[in-house]
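Written below as structure tokens is the structure these notes are about.
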Amino acid sequence: MHDLLASWLMKLRVSIAGATGWVGRPLCLAVSQAEDLSLVGAVSRSHHGHDLRDVTGDSHLDVKISGSVAEALETPTDVLVDYTKADVVKTNVLTAIDRGVHVVIGSSGLTDNDFEGINHTALKNKVGVIAAGNFAITAVLLQRFACEAAKYLSHWEIIDYASDTKQDAPSGTTHPVEKTIGEKESRGATLRGSQIHSIRLPSYVISVEAIFGANEERLSIRHDAGSGAEPYVQGTLLAVRKVRNYVGLIRGLDKIMD
């Protein structure tokens, strides 16, 4: 009995915002099944007050759903994972940081100014934050290989593909261009020294292609996501397990990969 109690106390306590979403749902199950993690909170505005197991149909997920991150964090929590939407993610993250809770950000739509403020607050509160535009390991490898190629090839452009329902660009979405969250010009804009084209069409999930050109030769490096959330779950779990090793903001899963 003593050993079981000690094992439970050593587990990393995790709350997930966006718990009933495309990534949040399988992530909740993965956390609950991990030997070193414990799912202690779930946030979903549309399912506030329900049991997570009733919403998902999985008996392992015996957690009451909160309507806000502030409510969920009334239960002691070590790490908050946010897979919500651009209109609430910043508030969620700052709420967690102010309570001394480490954060993993899977949501998109934050600006550079947002990240600057998050980093400042995280440093002040001595907690770690890991944010990644894509938690799929293959997407991280694309970034690594592209950085290596850029050492030898001076010309490149990036094509960012996603569904027409995604609202931030690049690596986001666009309904009409004027409602883009982020750089409206990113459908063919120069951002941080790279030319980026954002394509939003039905049938895409997430794809990224880095195209390098030189005289009489080209190199293409591409990542394509399938329709399932498994790649993002595994990358997120890696971040959850490592975020307490840092103070301040880490942008990109590649920064924490050995």
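Every number here is computed from the coordinates shown, using simple stated rules; none is lab data. All of these numbers come straight from a predicted model, not from anything done at the bench. Counting neighbours? That spans all protein chains shown, and the Cβs are built from the backbone with ideal geometry, glycine included.
Mind checking which residues of segment 88-107 are surrounded by fewer than 16 Cβ atoms within 10 Å (Cβ to Cβ) and assigned to a helix (DSSP H, G or I)?
Within segment 88-107, the subset surrounded by fewer than 16 Cβ atoms within 10 Å (Cβ to Cβ) is 91, 98, 100.
Answer for segment 88-107, where residues must be surrounded by fewer than 16 Cβ atoms within 10 Å (Cβ to Cβ) and assigned to a helix (DSSP H, G or I): T91, D98.
Let me spell it out: the conditions are (1) surrounded by fewer than 19 Cβ atoms within 10 Å (Cβ to Cβ); (2) under 24 Å from V208 (Cβ atoms); (3) in contact with a Leu (Cβ under 7 Å, 6 or more places away or on another chain), and V129 meets all of them except one. Which number is the exception?
Only one criterion is unmet by V129, namely (1).
Is there any pair linking a residue in segment 233-258 that is closer than 22 Å to G117 by Cβ and touching a residue at least 60 places away in the same chain (Cβ under 8 Å) to one that is in a helix (DSSP H, G or I) and of a type in the set (D, E, K, R), with Cβ under 7 Å and at least six apart or on different chains, and which?
Matching pairs, first to second residue: I256/K242.
If you go through segment 189-219 one residue at a time, how many are in a loop (DSSP other than H, G, I, E, B) and closer than 22 Å to E148 by Cβ?
Here is the first cut: in segment 189-219, the ones in a loop (DSSP other than H, G, I, E, B) are 192-193, 201-205, 215-216.
This time we only want the ones that are closer than 22 Å to E148 by Cβ, so: 192-193, 215-216.
Counting residues in segment 189-219 that are in a loop (DSSP other than H, G, I, E, B) and closer than 22 Å to E148 by Cβ gives 4.
Within segment 72-87, how many residues are surrounded by 15 or more Cβ atoms within 10 Å (Cβ to Cβ) and either out of contact with any helix residue (DSSP H, G or I) (no Cβ under 9 Å at 6 or more places or on another chain) or free of Cβ contacts under 8 Å to residues at least 60 places away in the same chain (or both)?
Going through segment 72-87, the residues surrounded by 15 or more Cβ atoms within 10 Å (Cβ to Cβ) turn out to be 72-73, 77-86.
Going one step further and asking which of them are either out of contact with any helix residue (DSSP H, G or I) (no Cβ under 9 Å at 6 or more places or on another chain) or free of Cβ contacts under 8 Å to residues at least 60 places away in the same chain (or both), we end up with 72-73, 85-86.
Within segment 72-87, residues that are surrounded by 15 or more Cβ atoms within 10 Å (Cβ to Cβ) and either out of contact with any helix residue (DSSP H, G or I) (no Cβ under 9 Å at 6 or more places or on another chain) or free of Cβ contacts under 8 Å to residues at least 60 places away in the same chain (or both) number 4.
Give segment 108-125 a look and list any residue that's exposed (fewer than 14 other Cβ atoms within 10 Å of the Cβ) and within 21 Å of the chain's Cα centre (by Cα), or say none.
Step one: filter segment 108-125 for residues exposed (fewer than 14 other Cβ atoms within 10 Å of the Cβ), giving 112-113, 116, 120, 124.
Matches in segment 108-125: D112, N113, E116, H120.
Kindly indicate the residue of segment 22-75 that is assigned to a helix (DSSP H, G or I) and of a type in the set (K, R) and also farthest from G100 (Cα to Cα) among those meeting that condition. Steps first, please.
Residues of segment 22-75 that are assigned to a helix (DSSP H, G or I), as a first pass: 24-33, 45-47, 52-56, 69-72.
Checking which are of a type in the set (K, R) leaves us with 25, 45, 53.
Values: R25: 25, R45: 23, R53: 28 Å.
The extreme case among them is R53.
Name the residues in segment 93-107 that are within 16 Å of the chain's Cα centre (by Cα) and within 17 Å of R13 (Cβ to Cβ), would you? So that I can check it myself, show each step before the final result.
Applying the first criterion (within 16 Å of the chain's Cα centre (by Cα)) to segment 93-107 yields 93-94, 96, 102-107.
Result: A96, H102, V103, V104.
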